[in-house]
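Colleague: Before we start, here is the structure in question, set down as structure tokens.
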């Protein structure tokens, strides 16, 4: 059973931007290389956010280098571009989450909602503390049977407790980083 993992823009940037912090680049590499059978997806919104931020802060040639790496990941089929899919469902869910948690930005709410609207998604990976700590995101993750993977502390005991013991056992089997944490 292959995990379908949606990546937040924080981890996508760590994968393609050589100017991102070494800590975040290491997180992204560790997650990406943890299991070659995992299918990683990224929403078009995350790609736009990362490319847009790089274009604002870097030279055109540096931005071009990062987008070339993104293209290589797509061509090797290790990363799949995910559209807004169930657009109405995702935007309505994002709106509900922002009403319930005023600290959620529209971009973050939409990124998470796009993952939750993907019927094949079972993991949303992020290094964003606000998303990991949000009780609203946690509640919706449980409702949609999606695990929030905290890439900041992948070996932290108990960080996968959101879905209950049976689901955690299945996820540990898919995630070799979790096998030594219990």
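Colleague: Sort out which residues of region 7-35 are touching a residue at least 24 places away in the same chain (Cβ under 8 Å) and within 14 Å of residue 78 (Cβ to Cβ), and write them in order of number.
Modeller: The answer is 7, 11, 12, 15, 16, 28, 31, 32, 34, 35.
Colleague: Here's a follow-up. From 34, 26, 61, which residue is under 22 Å from residue 132 (Cα atoms) and modelled with pLDDT under 80?
Modeller: Every option except 34 fails the conditions.
Colleague: So which of 15, 97 ends up being assigned to a helix (DSSP H, G or I), surrounded by 14 or more Cβ atoms within 10 Å (Cβ to Cβ) and over 13 Å from the mean Cα position of the chain (by Cα)?
Modeller: After applying the criteria, what remains is 97.
Colleague: If you don't mind, another one. Test residue 90 against the stated conditions and say whether it is modelled with pLDDT of 85 or more, more than 15 Å from the chain's Cα centre (by Cα) and in a helix (DSSP H, G or I).
Modeller: Values: modelled with pLDDT of 85 or more: yes; more than 15 Å from the chain's Cα centre (by Cα): yes; in a helix (DSSP H, G or I): yes.
Yes, satisfied.
Colleague: Let me ask something else about it. Go through region 36-47 residue by residue and tally those that are in contact (Cβ under 8 Å) with a residue 60 or more places away in the chain and assigned to a helix (DSSP H, G or I).
Modeller: 2
Colleague: Do you know which of the residues in region 110-144 that are out of contact with any helix residue (DSSP H, G or I) (no Cβ under 7 Å at 6 or more places or on another chain) and not in a helix (DSSP H, G or I) is farthest from residue 98 (Cα to Cα)?
Modeller: Residue satisfying both the conditions and the ranking: 120.
The values are calculated or read from the model by the stated rules, or taken from the named source; none is laboratory data. Note that the structure is predicted; figures quoted are calculated from it, not measured. In this analysis, Cβ positions are derived from the backbone assuming ideal geometry, glycine residues included, and neighbour counts consider all displayed protein chains.
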